[in-house]
Structure formats: structure tokens, C-alpha cells
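A.B. asks: Let me begin by handing over the structure; questions about it come next.
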């Protein structure tokens, strides 16, 4: 039977080495850099039209970066940029109006930018992401409900990819998009509230390119 001191001398080094090994694994998996894949990322929005129907639109050009901290997601960072002129609602005349100074004024404000400020866990695989949205030259806070990221998998091109979904809502007037028309029967042509949804596919940045 080992004496107490001998047992301590045996256990302590093993515990120390185990702790260092665990720390090393966590540290190596902690931070990774990802980019949004424009070909597999969509940013859509919906508004009420004439108070009775819903119109959906999307931005065709979305880019961004995510620095993902696996050990502590709250320390991750998110930066997304949207080309305002890539707006598409399926109607050329309406798209032209949305690009005009009445709405996005894309000639003067070509981009919409979102930058995360705070990330809180909201359940298994879910997060509340608070950040600043800059649109039409105005920066205001928004909160997004995020699901993911999914586990990373390898795509046919050998890249590691994963996905996230983000949803939220905002009042467009807060960003200076105030154009509207009153309806004879009451109400307005376009709702102030806008529903947002982003489906993003992330591609890991190769270590040599960091």
C-alpha cells in the first residue's frame, strides 16, 4: 500500500499533465476564421403591403467575416456587409424606387453594415446577437436571434463549411426610411416594421491565408 505522500506524488503530476493537455486542446480549437460564401448566403426581408399582403425582397450581394471562438462563443466577432444596390424584389420598377433617395439612396449610401457587439447564449445552439446596423448613413442597435453554427463538414471542394441562420426585426423609420403613402380606407402603403432573415454558409479561412 502506497503511503499518502507517495500517492500525492503520483497523482499531482498526472493531474497537471492532464490539465495542460486539456488546455492545449481547448486553446487549439478556440479561435477560427470564417468567411460568408456569397454563392450560398441570402439576406431577405419582408414588409406588409397595403396592410393586407406581404412582399419579400432580398439582397443578392452579401459578404462578411466571422471569428469563431469555440470555447467561448461570447468572444466571437461578426462583420457583415451588404451591397444596397443588389436589392431584388422581383419587380424592376419597385427596385428602382427602393434604390432611390426615398428609401436606400444607394448612390449616396452603397452599403449596409452590421457589426456584432454582444453575443449571449439563448439555449442549445441558439444565441442573441446584439450589434450595430448602419443603413442610409445611420447606425442603430439591433438584436438578432441566431441558430448555429452547425458542425463543420467538408464540401466537395475540400473546404470546411458550416451554416448559421439569423432573424430579427426593425422599424425602418429609425434609419431614415420614412417614405410612405396613406390609404383612402385607412392605414399606409408600406409597413414600418421590417422582418429580416439571413441564411449564411461559412467557409473556413485557410491557415496560410490568415
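A.B. asks: Please go through region 39-62 and give me each residue that is outside any loop (DSSP other than H, G, I, E, B) and under 15 Å from residue 164 (Cβ atoms), ordered by number.
C.D. replies: Scanning region 39-62 gives 40, 42, 43, 44, 62.
A.B. asks: Same structure, new question: I'd like the residue in region 168-187 that is surrounded by fewer than 17 Cβ atoms within 10 Å (Cβ to Cβ) and part of a strand (DSSP E or B) and, out of all such residues, is modelled with the lowest pLDDT.
C.D. replies: The selected residue is 182.
A.B. asks: Which of the residues belonging to region 110-167 are surrounded by fewer than 14 Cβ atoms within 10 Å (Cβ to Cβ), on the phi > 0 side of the Ramachandran plot and in contact with a strand residue (DSSP E or B) (Cβ under 8 Å, 6 or more places away or on another chain)?
C.D. replies: 125
A.B. asks: Among the listed residues 198, 190, 194, identify the single one that is in contact with a helix residue (DSSP H, G or I) (Cβ under 9 Å, 6 or more places away or on another chain), under 26 Å from residue 129 (Cβ atoms) and surrounded by 16 or more Cβ atoms within 10 Å (Cβ to Cβ).
C.D. replies: After applying the criteria, what remains is 194.
A.B. asks: Under 9 Å by Cβ, and 6 or more places apart or on different chains, what pairs join a residue from region 35-53 that is in contact (Cβ under 8 Å) with a residue 60 or more places away in the chain and on the phi > 0 side of the Ramachandran plot with one that is crowded, with 17+ Cβ neighbours inside 10 Å and assigned to a strand (DSSP E or B)?
C.D. replies: Pairs found: 50/190.
A.B. asks: Do we find that residue 52 is over 30 Å from residue 157 (Cβ atoms) and either surrounded by 15 or more Cβ atoms within 10 Å (Cβ to Cβ) or out of contact with any helix residue (DSSP H, G or I) (no Cβ under 8 Å at 6 or more places or on another chain) (or both) in this structure?
C.D. replies: yes
A.B. asks: Does region 188-204 hold any residues that are outside any strand (DSSP E or B) and in contact (Cβ under 8 Å) with a residue 24 or more places away in the chain, and which are they?
C.D. replies: Answer for region 188-204, where residues must be outside any strand (DSSP E or B) and in contact (Cβ under 8 Å) with a residue 24 or more places away in the chain: 189, 191.
The values are calculated or read from the model by the stated rules, or taken from the named source; none is laboratory data. The structure presented is a predicted model; accordingly, all values stated were derived computationally and were not measured. When we count neighbours, we look across all protein chains shown, and the Cβ atoms used for this are built from the backbone with ideal geometry, even at glycine.
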